[in-house]
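Visitor: One structure, pasted below without further comment.
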Amino acid sequence: MARKAEVSPATVSRVVNGHANVDPVLADRVRRAMNELGYRPNAVARNLRRSRTTLWAVVISDIGNPFFTALVRGVEDIAQRSGFSVVLCNTDEDPTKEARYLNAVLAEQVAGVIIAPSGPQTDLDQLAAARVPVVVIDRQLHGSRIDTVLVENEHGAELATAHLVESGYQRIACITGRRGVYTASSRLAGYRRALTAAGHHYDERLVRYADFRSDGGYQAMSELLRCQPRPDALFVANNLMTVGALECLVDNGITVPADMGVVGFDDLPWAHLVRPALTTVAQPTYQLGETAGQLLTERIATPDRDATTVTLPTKLQVRESSTRRPGPSVGSDPVSD
Ligand code: RIB
């Protein structure tokens, strides 16, 4: 390569590693020689000298969840623009699987990690000790001084529940995620705050802790339907559990919104297409991923900068599923799937 470009091997190395201080004429000769020889820099070899690959590990719960799909897309678009690639790790909300993945990304010498922690037990100390750049996304790790990107979970849940109160519902239930998971507890807190502000009694019997999955939402809804008196409205803390709860309502012939008002956290692509259209709390999901990618890029470039927490706004999308019509429901079909 050096001979073909008529430069020194050191010049070839500086061009391959993207150093700025190379004579443009020499750099051009090296790039032309690389093209003629079909040379592709060995990313791992190049970066082993820097003891890092050009990979980011994105550790999330479940890529099958539309929320994480859009989030990862936002991360990857920033990674590509910054010269990095993304490897995906699904933890399935399982702390043991998550720990295995964290050991693997340490061993693989990734350039950085973006993680939605499965719970408060998530341990990032080994990554910190190895000075691996990390950004926490979607769920905060209390007490950590790590770059973090969140949304206004509690405020979004509070607005959703206050909306159900204003719509005239009296016995408002909540299906949230597993105890200890940041988004589950903060959304439950918003639900509780709205009930208290409206003078409604907070009744633990109207709260179910599920698993952020549709089956868990279905099971929780079927338990709530057995409460006496039955709830007349429901706030659900994520998209997949909302789907499960709606399926349960259809199976039990419960009409929405007349018998049961429903608001779900996380907007869904089809939320405005079903009848009645679903009221949701929308998260700027793609922007969450983009922001985490930008923070990681900055952390890689300046490892000792102060930790940053960015909190993005949510938006209550009021549709038909939470606005009880006066009197018996006319023409309101059971929730259609
Ligand atoms: O759907 C998974 C949920 O957990 C989302 O609401 C997201 O915020 C994550 O925390």
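The values are calculated or read from the model by the stated rules, or taken from the named source; none is laboratory data. Worth saying up front: this structure is predicted, and the values here are computed from it rather than measured. Ideal geometry is used to build each Cβ from the backbone, glycine not excepted, and the neighbour counts take in all protein chains shown.
Visitor: Please pick out the residue among Arg145, Arg139 that is crowded, with 19+ Cβ neighbours inside 10 Å, assigned to a loop (DSSP other than H, G, I, E, B) and not polar (S, T, N, Q). Lay out the reasoning, then the answer.
Guide: Values: Arg145 fails: crowded, with 19+ Cβ neighbours inside 10 Å.
Exactly one residue qualifies, and that residue is Arg139.
Visitor: Taking Asp306, is it assigned by TED's automatic domain parsing to the domain that holds Ser61 and either free of Cβ contacts under 8 Å to residues at least 24 places away in the same chain or of a type in the set (Asp, Glu) (or both)? Before you say what the answer is, go through the steps one by one.
Guide: Numbers: assigned by TED's automatic domain parsing to the domain that holds Ser61: yes; either free of Cβ contacts under 8 Å to residues at least 24 places away in the same chain or of a type in the set (Asp, Glu) (or both): yes.
Yes: the conditions hold for Asp306.
Visitor: To continue, here is another question. Taking the condition within 16 Å of the ligand (Cβ to nearest atom) and charged (D, E, K, R), does Arg226 pass? Steps first, answer last, please.
Guide: On the way: within 16 Å of the ligand (Cβ to nearest atom): no; charged (D, E, K, R): yes.
For Arg226, the condition - within 16 Å of the ligand (Cβ to nearest atom) and charged (D, E, K, R) - is not met.
Every residue, every condition in (1) part of a strand (DSSP E or B); (2) at pLDDT 95 or above, yes or no:
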| site | (1), (2) |
| --- | --- |
| Met241 | no, yes |
| Gly253 | no, yes |
| Val262 | yes, yes |
| His272 | no, no |
| Gly289 | no, yes |
| Gln294 | no, yes |
| Ser321 | no, yes |
| Ser329 | no, no |
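Visitor: Residues being assigned to a loop (DSSP other than H, G, I, E, B) and polar (S, T, N, Q): count how many of those fall in region 274-287. If you could, list the steps in order and put the result at the bottom.
Guide: Quick first cut of region 274-287, residues assigned to a loop (DSSP other than H, G, I, E, B) only: 274-278, 283-284.
Then drop every residue that is not polar (S, T, N, Q), which leaves 283.
Count: 1.
Visitor: Can you spot a residue in region 104-116 that is modelled with pLDDT of 95 or more, within 16 Å of the ligand (Cβ to nearest atom) and assigned to a loop (DSSP other than H, G, I, E, B)?
Guide: Checked against the condition, which is being modelled with pLDDT of 95 or more, within 16 Å of the ligand (Cβ to nearest atom) and assigned to a loop (DSSP other than H, G, I, E, B), region 104-116 yields at least one hit.
Visitor: Return yes or no: is Gly119 under 21 Å from the mean Cα position of the chain (by Cα), surrounded by fewer than 19 Cβ atoms within 10 Å (Cβ to Cβ) and modelled with pLDDT under 95?
Guide: No.
Visitor: Checking Ser185 against (1) of a type in the set (S, T, N, Q); (2) surrounded by 14 or more Cβ atoms within 10 Å (Cβ to Cβ); (3) touching a residue at least 24 places away in the same chain (Cβ under 8 Å): exactly one of these is not met. Which one?
Guide: Failed condition: (3).
Visitor: Then there's this: Given the options Tyr202, Tyr209, name the one that is touching a helix residue (DSSP H, G or I) at 6+ places or on another chain (Cβ under 9 Å) and within 16 Å of the ligand (Cβ to nearest atom).
Guide: Working: Tyr202 fails: within 16 Å of the ligand (Cβ to nearest atom).
Answer to the check: Tyr209.
Visitor: Has region 61-84 got any residue that is within 27 Å of Leu268 (Cβ to Cβ) and assigned to a strand (DSSP E or B)?
Guide: Checking region 61-84: not a single residue is within 27 Å of Leu268 (Cβ to Cβ) and assigned to a strand (DSSP E or B).
Visitor: Consider Val310 carefully, then state whether it is within 25 Å of Glu166 (Cα to Cα), out of contact with any Gly (no Cβ under 6 Å at 6 or more places or on another chain), within 16 Å of the ligand (Cβ to nearest atom) and not in a loop (DSSP other than H, G, I, E, B).
Guide: Details: within 25 Å of Glu166 (Cα to Cα): no; out of contact with any Gly (no Cβ under 6 Å at 6 or more places or on another chain): yes; within 16 Å of the ligand (Cβ to nearest atom): yes; not in a loop (DSSP other than H, G, I, E, B): yes.
Against the criterion (within 25 Å of Glu166 (Cα to Cα), out of contact with any Gly (no Cβ under 6 Å at 6 or more places or on another chain), within 16 Å of the ligand (Cβ to nearest atom) and not in a loop (DSSP other than H, G, I, E, B)), Val310 does not qualify.
Visitor: Filtering region 169-189 down to residues that are within 13 Å of the ligand (Cβ to nearest atom) and assigned to a helix (DSSP H, G or I), which residue is farthest from the chain's Cα centre (by Cα)? I'd like the intermediate steps shown before the answer.
Guide: First, pick out the residues of region 169-189 that are within 13 Å of the ligand (Cβ to nearest atom): 175-178, 180-188.
Next cut, assigned to a helix (DSSP H, G or I) only: 182-188.
On the way: Tyr182: 12, Thr183: 10, Ala184: 13, Ser185: 15, Ser186: 15, Arg187: 14, Leu188: 18 Å.
Per the stated criteria, the residue is Leu188.
Visitor: May I pose another question? Are any residues in region 122-136 more than 13 Å from the ligand (Cβ to nearest atom), among the hydrophobic types (A, V, I, L, M, F, W, C) and surrounded by 19 or more Cβ atoms within 10 Å (Cβ to Cβ), and if so, which ones?
Guide: Of everything in region 122-136, those that are more than 13 Å from the ligand (Cβ to nearest atom), among the hydrophobic types (A, V, I, L, M, F, W, C) and surrounded by 19 or more Cβ atoms within 10 Å (Cβ to Cβ) turn out to be Leu127, Val132, Val134, Val135.
Visitor: Every residue in region 207-217 that is assigned to a helix (DSSP H, G or I) and either crowded, with 22+ Cβ neighbours inside 10 Å or assigned by TED's automatic domain parsing to the domain that holds Glu93 (or both), please. Spell out how you get there, then give the answer.
Guide: Going residue by residue through region 207-217, those that are assigned to a helix (DSSP H, G or I) are 214-217.
Passing the criteria: only Gly217.
Yes or no, residue by residue, for (1) crowded, with 18+ Cβ neighbours inside 10 Å; (2) within 17 Å of the chain's Cα centre (by Cα):
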residue	(1), (2)
Cys89	yes, yes
Asp92	no, yes
Ala99	no, no
Ala104	no, no
Glu108	no, no
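Visitor: Of the residues that sit in region 275-303 and are hydroxyl-bearing (Ser, Thr, Tyr) and touching a residue at least 24 places away in the same chain (Cβ under 8 Å), which one is surrounded by the most Cβ atoms within 10 Å (Cβ to Cβ)? Before the answer, list the steps.
Guide: The initial filter retains those residues of region 275-303 that are hydroxyl-bearing (Ser, Thr, Tyr), namely 279-280, 285-286, 291, 297, 302.
Checking which are touching a residue at least 24 places away in the same chain (Cβ under 8 Å) leaves us with 279-280, 285-286, 291, 297.
Details: Thr279: 26, Thr280: 28, Thr285: 22, Tyr286: 16, Thr291: 22, Thr297: 21.
Among residues in region 275-303 that are hydroxyl-bearing (Ser, Thr, Tyr) and touching a residue at least 24 places away in the same chain (Cβ under 8 Å), the one surrounded by the most Cβ atoms within 10 Å (Cβ to Cβ) is Thr280.
Visitor: Specify which of the listed residues (Asp266, Asp251, Asp259) is outside the structural domain of Asp147 (by TED's automatic domain parsing), on the phi > 0 side of the Ramachandran plot and not aliphatic (A, V, I, L, M). Step through it out loud before you land on a result.
Guide: Numbers: Asp251 fails: on the phi > 0 side of the Ramachandran plot; Asp259 fails: on the phi > 0 side of the Ramachandran plot.
Of Asp266, Asp251, Asp259, the one residue that is outside the structural domain of Asp147 (by TED's automatic domain parsing), on the phi > 0 side of the Ramachandran plot and not aliphatic (A, V, I, L, M) is Asp266.
Visitor: Okay, moving on. If the Cβ limit is 6 Å and pairs must be 6+ apart or interchain, which residue in region 22-34 that is modelled with pLDDT of 85 or more pairs with which residue that is part of a helix (DSSP H, G or I)?
Guide: So the pair list comes out as Leu26/Thr11; Arg29/Ala5.
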